[in-house]
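The values are calculated or read from the model by the stated rules, or taken from the named source; none is laboratory data. If you're wondering where the values come from, they're calculated on a predicted model, not measured in any experiment. All Cβ positions, even for glycine, are placed from backbone atoms using ideal geometry, and neighbour counts span all protein chains on display. Heads up: the accessible areas ignore ligands, DNA and RNA and are worked out on the full protein's heavy atoms, side chains in. Shrake-Rupley method; radii C 1.70, N 1.55, O 1.52, S 1.80 Å.
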Amino acid sequence: MIWSLQATPDLSDQQFAQWSKLLEERAGICLGGQQRIFLQTQVSMRMRELGQSDYSEYYECVVDGVAGMMEWSVLIDRLVVKETSFFRHQPSIDLVRNYLQNKINNNTLDGSFDIWSVGCSSGEEPYSLGMVVSDIFDLARIDAYYGITATDISRAALAIARIGIYPKRKVEMINDPMRRRYFSQLEDGRYQIDGELTDRICFNQANVLNISEMPDNKLDVIFCQNVLIYFRRLLRHQIMDAFIDRLKPGGILVCGLGEVVDWVNPNASRIVADEAQAYVRS
Ligand SMILES: C[S@@+](CC[C@H](N)C(=O)[O-])C[C@H]1O[C@@H](n2cnc3c(N)ncnc32)[C@H](O)[C@@H]1O
């Protein structure tokens, strides 16, 4: 029987352990036993595309040299959860809005205002931040420089982000004034992000595990939501520590509510907010 018509072979315990270990070592993502079917489905679908039928042989291809790295960059896109939306967690976005507004009110805006959206997926998160920041500067009639660096491990997600065209259902939940100001509707009903915003955002492929290798310009805001939840506790803490080192004094780190627990850092204090989890660097 040809491979494409065969049932998906089951991952053995040993193969599941081998693939999970690779995913955790390379991306930090820690799979539980309940995600075994997910892993099996994604890996076997990719193997099907390549005409391969043996998990162990495919594993050897993925870990072998430069060709292996290229194959890994395709496979990792299938193994990450990329779910996202515009203004996904409003209280966290409001926190950034208030933070910038206070800086303007207190005249403490110093040079450029720099944001890093970590694990930005297909771009909805950095574009939401861009809309808010741009709105505040417009209202304050300040022609300030701001920039957003948006990174993700998935090249496919970043390709969508860079194009900046989104389906109607995703954009129509944005309030009317924002939608009219920052999007134009295409003939097919989809929406295109305004060039004014895309010019402000620099999308880069980057693995948050390699944070020490990333350019270390200091940031006003680091926004990292729904990324660390897939990592082990100790790794989350190490990455949070590294984020704090990347902030300007007084800069803020906004993570997902409950995403990191039991974490303390001598240079960070928790911002009092009921519905958001954020820290300010001393
Ligand atoms: C669930 S999405 C969250 C998107 C967005 N932050 C939000 O909250 O809507 C998680 C994103 O984290 C990315 N990701 C997972 N592991 C990563 C890693 N080690 N380095 C960088 N990005 C990673 C995934 O590719 C995915 O796009």
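Overview of values
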| item | result |
| --- | --- |
| Selection status of Ile160, within 16 Å of the ligand (Cβ to nearest atom), open to solvent by 30 Å² or more (accessible area, probe 1.4 Å) and at pLDDT 95 or above | yes |
| Which numbered condition Leu100 misses (of (1) away from the ligand (no atom under 14 Å from the Cβ); (2) open to solvent by 10 Å² or more (accessible area, probe 1.4 Å); (3) over 13 Å from Leu197 (Cα atoms)) | (2) |
| The one condition in (1) within 13 Å of the ligand (Cβ to nearest atom); (2) among the hydroxyl-bearing types (Ser, Thr, Tyr); (3) not in a helix (DSSP H, G or I) that Ser92 fails to fulfil | (3) |
| Hits in the stretch 53-89 - residues which are more than 16 Å from the ligand (Cβ to nearest atom) and free of Cβ contacts under 8 Å to residues at least 40 places away in the same chain | Asp54, Glu57, Tyr58, Glu60, Cys61, Asp64, Gly65, Val66, Ala67, Gly68, Met70, Glu71 |
| Candidate set from the stretch 114-145 (those that are crowded, with 23+ Cβ neighbours inside 10 Å, in a strand (DSSP E or B) and more than 11 Å from the ligand (Cβ to nearest atom)); member that is farthest from the chain's Cα centre (by Cα) | Ile115 |
| Options Glu172, Glu196, Glu187; residue that is farther than 26 Å from Ala27 by Cβ, surrounded by fewer than 19 Cβ atoms within 10 Å (Cβ to Cβ), away from the ligand (no atom under 16 Å from the Cβ) and in contact (Cβ under 8 Å) with a residue 24 or more places away in the chain | Glu196 |
| The stretch 198-232, residues that are under 16 Å from Thr151 (Cα atoms) and among the aliphatic types (A, V, I, L, M) | Ile201, Ala206, Val208, Leu209, Ile211, Met214, Leu219, Val221, Ile222, Val227, Leu228 |
| Count of residues meeting criterion [open to solvent by 20 Å² or more (accessible area, probe 1.4 Å), touching a helix residue (DSSP H, G or I) at 6+ places or on another chain (Cβ under 8 Å) and either assigned to a strand (DSSP E or B) or not acidic (Asp, Glu) (or both)] in the stretch 269-282 | 3 |
